[in-house]
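Novice: Dropping a structure here in structure tokens format, bear with me for questions.
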Amino acid sequence: MLMDTRRNPFTPRRGAEPPVLAGRDEALASALTACGRLLQGRSGRPVLLIGDRGMGKTALLRAIAREASMYGFVVSSIDCPKDESERDLAALLAPKIRAAATWLLLSDGFGSAEADEFLSALCRFEATYGVGEGDSFDRFEPDEDPFDVVITGSLEVDLPELFEALGYAFHAAGRGWFIALDDLQLLNAEDLAALLAAVHRVGQLELPVMFVATGLPQILRMTGDAKSYAERLFRFCKLGPLDLEAVRRAIVEPLEAFTVSGTTVTEEALELLARETRGYPFFLQMWASAAWKAWCERTAGGGPEAVREANTLTAADFEATRAEALRTLDRDFYAEALDGATAAEMALLEVMAEKTAESGSETCSAADVATLLGKTEGELSRQVTRMTKKGLIYRRVPGVLAFSAPLAGASILWQKTGR
Ligand SMILES: Nc1ncnc2c1ncn2[C@@H]1O[C@H](COP(=O)(O)OP(=O)(O)O)[C@@H](O)[C@H]1O
Ligand SMILES: [Mg+2]
């Protein structure tokens with residue numbers, strides 16, 4: 001049997017690029033338009049991809065970065081570490097900038113005065129912040145001449161200077177620099193302010209530096225608090241669930257491409273999948289992957305005739321794997337999304353789960369939750385702020401709470417009773 005489970009085309013893993021990035025054509029195209037403009041010396045707005053957990057932010061970020069590298073951008077990717085002690089922006093950025101600089105040094109056309117200025121600034125930046133290698137590049141001694149860029153030791157001053165020097169050097173080389181930053185909401189307020197200032201600077205100068213970051217919904221407010229100009233600086237791209245057409249693409253195209261005989265799926269099965277997963281990409285990949293395995297087993301061992309007959313993935317294949325898909329979802333997605341919640345926080349999550357189940361909505365009122373927990377609104381508000389920082393929940397609008405992971409309420413209730 002050729003269609004064994006190793007050929008499973010679905011990708012139920014965080015950050016995994018799906019076989020078909022469905023429903024994100026517009027978002028992809030507009031980020032790439034900005035990239036193209038920047039390389040032509042025009043303005044191109046940096047992008048913030050915003051969405052709940054599992055909505056496909058990282059997958060889209062990776063796809064944009066890959067395309068940008070084909071446009072001639074040197075790509076630096078940074079994943080904000082979950083561990084707070086490792087979350088130092090200067091330390092995260094310096095080695096990436098050095099790698100980008102080295103790449104350009106090795107390529108042609110990097111012998112400009114602008115390049116020397118940039119390399120000098122980078123060496124002094126590394127030395128001042130005690131990050132990266134701090135030593136000279138092969139053909140370049142940082143202390144030869146006095147240079148314009150002054151490194152002060154204050155990141156909010158120095159990072160814009162470093163980005164500017166880099167931008168001019170890349171411009172002189174006819175290339176662009178692309179920074180892909182995943183989970184921006186994990187940065188602390190000072191680092192975030194410094195980063196926004198740096199992105200703002202290169203934007204004003206129309207230098208070929210493209211910045212694309214992802215964040216949970218609270219990132220909107222965080223960037224606004226950090227810099228009043230954030231709202232004008234970024235193009236905010238909100239990622240929502242996939243509609244039926246996108247679900248169809250996400251399922252049908254990988255099946256056709258990965259199977260010998262163009263396996264397809266019934267319309268009834270697609271509708272079931274879209275309805276029950278509500279179009280959430282993680283859930284979709286998880287369930288499609290489980291259904292694929294079941295379908296492989298069902299059709300295994302048959303002769304050519306049997307294979308042809310059993311060629312279609314049906315709603316029954318999905319129904320048969322519903323429980324398994326939900327269990328894996330609890331284990332691989334929700335357990336991680338709810339990781340780090342204290343007992344008191346878990347109590348709040350459970351109240352939210354009950355409230356949202358009652359109303360059939362994905363949000364609930366903060367006042368109701370406060371009443372049920374016997375807390376004052378002030379106490380609840382402080383707890384919500386702490387839990388937002390942890391990425392567990394957020395305020396969708398003032399006074400209204402939502403889970404950071406879609407449909408988390410159902411998982412929380414099931415964990416109490418067993419799926
Ligand atoms: N546009 C899409 N179409 C189909 N599947 C997708 C899409 N975007 C993401 N996925 C899948 O959804 C899951 C979650 O994606 P991920 O990028 O990790 O989400 P996030 O970063 O928002 O938490 C992964 O399994 C990924 O392969
Ligand atoms: Mg992600």
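The values are calculated or read from the model by the stated rules, or taken from the named source; none is laboratory data. For clarity, every value in this text was computed on a predicted model and none was experimentally measured. As a convention, Cβ positions derive from the backbone with ideal geometry for all residues, glycine included, and neighbour counts pool all protein chains shown. The accessibility values were calculated without ligands, DNA or RNA, using every heavy atom of the protein model including side chains. Shrake-Rupley method; radii C 1.70, N 1.55, O 1.52, S 1.80 Å.
Novice: Which peptide among 385-395, 235-245 comes first, and what is the full order, when sorted by highest mean count of other Cβ atoms within 10 Å?
Specialist: The packing order, highest mean first, is 385-395, 235-245.
Novice: Moving on. If every alpha-carbon in segment 227-279 counts as one equal scatterer, what log10 I(q)/I(0) does Debye give at q = 0.22, 0.28 1/Å?
Specialist: -0.81, -1.05
Novice: In the structure displayed, which of Lys82/Lys355; Lys293/Lys390; Lys96/Lys238; Lys57/Lys227; Lys389/Lys416; Lys57/Lys375 lie more than 32 Å apart, Cα to Cα?
Specialist: Flagged as over cut-off: Lys293/Lys390; Lys57/Lys375.
Novice: Need one value: the accessible area of Ser85 in square angstrom, 1.4 angstrom probe, rounded to the nearest 10.
Specialist: Using a 1.4 Å probe on the heavy atoms, I get roughly 100 Å².
Novice: OK, next. Charges only on Cβ, +1 for Lys and Arg, -1 for Asp and Glu: so what's the dipole of the chain about the Cα centre, in debye to the nearest 20?
Specialist: Dipole of the chain, to the nearest 20 debye: 1240 debye.
Novice: Amide H of Ile393: which non-local residues (sequence gap of 5 or more, or other chain) have their own amide H closer than 5 Å, using H built in the peptide plane?
Specialist: Thr388, Ser404
Novice: As I understand it, the dipole of the chain uses +1 on the Cβ of Lys and Arg and -1 on the Cβ of Asp and Glu, about the Cα centre. Which of Thr376, Ala213, Ala257 lies farthest toward its positive end?
Specialist: Thr376
Novice: Restricting to the chain, what percent of DSSP beta bridges are antiparallel, rounded to 5?
Specialist: Of those bridges, close to 25 percent are antiparallel.
Novice: Another question about this same structure. Of all accessible surface on the chain at a 1.4 Å probe, what whole percent is carbon and sulfur?
Specialist: 50 percent
Novice: Follow-up. Students often check this: by mean Cβ neighbours within 10 Å, which of 183-195, 401-413 ranks highest, and how do the rest follow?
Specialist: 401-413, 183-195
Novice: Looking at Gly224, Ile412, Thr33, which one has the Cα that reaches farthest to the positive end of the dipole of the chain (charges on Cβ: Lys, Arg +1; Asp, Glu -1)?
Specialist: Of the listed residues, the answer is Ile412.
Novice: Let me ask you something else. Each residue of segment 268-280 in order: what ³J(HN,Hα) in whole Hz does its phi give by Karplus 6.51 cos²θ - 1.76 cosθ + 1.60, θ = phi - 60°, with x for Gly and Pro?
Specialist: 3J(HN,Hα) across segment 268-280, in whole Hz: 4, 5, 5, 5, 4, 4, 5, 5, 6, 8, 6, x, 7.
Novice: Report the one residue of Ala198, Ser112, Leu401 whose Cα lies farthest in the direction of the positive end of the charge dipole of the chain (charges on C-beta: Lys and Arg +1, Asp and Glu -1; origin at the Cα centre).
Specialist: Leu401
Novice: Here's a follow-up. Arranged from highest to lowest average of other beta-carbon atoms within 10 Å per residue, in what order do the peptides 275-284, 222-231 appear?
Specialist: Going from most to least packed, we get 275-284, 222-231.
Novice: Once the Cα atoms of helix 377-389 and of the chain are each reduced to a long axis, what angle between those two axes, in degrees from 0 to 90 to the nearest 10, is obtained?
Specialist: 80 degrees
Novice: In addition: What is the sum of charges around Ala315, taking Lys and Arg as +1, Asp and Glu as -1, for the other residues whose C-beta is under 13 Å from the C-beta of Ala315?
Specialist: Here the charged neighbours net out to -4.
Novice: With angles folded into 0 to 90 degrees, how steeply does helix 25-39 sit against the dominant principal axis of the chain? Use alpha carbons for both and round to 10.
Specialist: 10 degrees
Novice: With +1 on each Lys and Arg Cβ and -1 on each Asp and Glu Cβ, how big is the dipole of segment 212-278 about its Cα centre, in debye rounded to the nearest 20?
Specialist: Here segment 212-278 has a charge dipole of around 580 debye.
Novice: Kindly give the semi-axes, whole Å and largest first, of the ellipsoid equivalent to segment 236-393, taking each as the square root of 5 times a Cα gyration tensor eigenvalue.
Specialist: 41, 15, 13
Novice: Another question, then. Whose amide H sits under 5 Å from the amide H of Val400, counting only residues 5 or more places off or on another chain, with H placed in the peptide plane?
Specialist: Ala366
Novice: How large is the accessible surface per residue of the chain, computed with a 1.4 Å probe and reported in Å² as a whole number?
Specialist: Counting only protein heavy atoms, the per-residue value for the chain is 45 Å².
Novice: Also, quick follow-up: Only four residue types carry charge here, +1 at the Cβ of Lys and Arg and -1 at the Cβ of Asp and Glu. Report the dipole size of segment 25-238 about the Cα centre in Debye, rounded to the nearest 20.
Specialist: The dipole of segment 25-238 has a size of about 1220 debye.
Novice: Please compute, for the alpha-carbon atoms of the chain, the extent along each of the three principal axes and give them in descending order in Å.
Specialist: Extents along the principal axes, in whole Å: 75, 64, 33.
Novice: Counting each DSSP H run of 4 or more residues in the chain as -39500 (n - 2.57), what helix-only mean residue ellipticity at 222 nm follows after dividing by all residues, to the nearest 500 deg cm²/dmol?
Specialist: The per-residue figure over the chain is -17000 deg cm²/dmol.
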